[in-house]
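The values are calculated or read from the model by the stated rules, or taken from the named source; none is laboratory data. Only a predicted model underlies this, so the values are computations on that prediction, with no experimental measurement involved. Note that we place each Cβ from the backbone using ideal geometry, even for glycine, and neighbour counts take in every protein chain shown.
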Amino acid sequence: MLINQIEDFIRDIQLASVGKSSDKAAEIEQFRIKYLGKKGVISDLFEQFKTVPNEQKKEIGQALNRLKTAAQAKIEEFKQSIDSIEQKSDSMDLTMPTDYSEIGSRHVLSVVMNEIIDIFSRIGFTVAESVEIEDDWHLFSALNFPHDHPARDMQDTFFVEKEEGKQEVALRTHTSSVQVRVMENNKPPIRIIAPGRVFRNEAISARAHCIFHQVEALYVDKKVSFADLKQTLLYFAKEMFGEKTQIRLRPSYFPFTEPSAEMDISCNICGGKGCNICKGTGWLEILGCGMVDPNVLDACGIDSKEYSGFALGMGVERMAMLKYQIRDLRLYFENDLRFLRQFDALV
Ligand code: DAH
């Protein structure tokens, strides 16, 4: 039946697509010739239409017209799809360099912190981390702080909770609290390094900040001596600041170590001759250290008659300042790219 043939052609046209070959224009032309060409499908059907009985002429005539419109519309559609592809490739310059994408780099504090961790891990220390919001026991009491110690004062410490009769909770003021947590939960030998953020109620200036970073080291075992501490300090100072670095220990006081000391290194800027960084002394103060006070060991459940240990703690900002001659603490936290980019090359 002619009418069925026409309907089949219409369906074929609707489903037709181009793009089987790389030459789309040629495919479209083929399509046009097949349906609309002089000897094409439609002209052939119009020939046959002449012999259609009168009562069917209306129906078949309308179907033929729909077929013709469908073929023309499809050709239009094909042409437009080519145009839009061409337009796209016209506006694309494939030789253009790509957008410069900024690759982030590590913050100088992370670099220095990682370096310290690395140095200690080479002699068997492993990283221990703990909470930043701490209770009074881990921050002060277990560390042998007397009840009237100034660190327990609101002036120096950010308290989260400080109510009569309640456990006091504060932002940790030092990473020494991690020592307590580790000793409570582990048996010697203990050899840990605890890096982390600490908080103090200080006015922000070039030399002080309310947030900074510390690294703490703790070694507890049988027969750990002050000589072990000194040798570890010397190794650390040379690895961190160079082979020529010398160290000097000055007696000091910390509640949680006995004896306590502060370590200076020979000024790595002037080589010990005296300059404005070391204020003419030739020495730079680096860290606090000492033998773990027996009271601390006992408070943490380690028998101080059997075990001894040493501890040390240092400020990461200060290390970075001395290593890279950074003069103002605030620079670390301001995220000024002109500052941060100077350390791009560090890993
Ligand atoms: N916790 C001390 C501070 O924040 C630093 C410190 C000194 C840590 C001596 C120690 C140490 O482990 O033995 O100033």
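Annotations for the structure displayed:
- Among the residues of region 1-42, those that are farther than 16 Å from Lys74 by Cα, out of contact with any helix residue (DSSP H, G or I) (no Cβ under 8 Å at 6 or more places or on another chain) and not hydrophobic (A, V, I, L, M, F, W, C) comprise Asn4, Ser22, Asp23, Lys38, Lys39.
- Hey, Gly272 on the phi > 0 side of the Ramachandran plot and in a strand (DSSP E or B) or not: no
- Against the test of being more than 14 Å from the ligand (Cβ to nearest atom) and surrounded by fewer than 20 Cβ atoms within 10 Å (Cβ to Cβ), the options Ala206, Ala237 yield a single qualifying residue, Ala206.
- Lys305 fulfils the conditions (1) without any contact (Cβ under 8 Å) to a residue 40 or more places away in the chain; (2) over 30 Å from Lys222 (Cα atoms); (3) in contact with a helix residue (DSSP H, G or I) (Cβ under 9 Å, 6 or more places away or on another chain) except for a single criterion, (2).
- Residues that are part of a loop (DSSP other than H, G, I, E, B) and under 13 Å from Ala311 (Cβ atoms) within region 214-252 comprise just one, Val224.
- Selection within region 118-140 - surrounded by 17 or more Cβ atoms within 10 Å (Cβ to Cβ) and outside any loop (DSSP other than H, G, I, E, B): Ile119, Phe120, Glu134, Asp135, Asp136, His138, Leu139
- Lone unmet requirement of (1) more than 16 Å from the ligand (Cβ to nearest atom); (2) at pLDDT 95 or above for Gly272: (2)
- Near pairs, Cβ below 8 angstrom, 6+ apart or cross-chain, from region 256-275 (under 23 Å from His149 (Cβ atoms)) to any residue that is acidic (Asp, Glu) and surrounded by 20 or more Cβ atoms within 10 Å (Cβ to Cβ): Phe256/Asp293; Thr257/Asp293; Glu258/Asp293
- Filtering region 105-130 to residues that are in contact (Cβ under 8 Å) with a residue 60 or more places away in the chain and acidic (Asp, Glu) leaves Glu115, Glu129.
- Enumeration of residues in region 103-118 that are more than 26 Å from Asp328 (Cβ to Cβ) and at pLDDT 95 or above: Asp118
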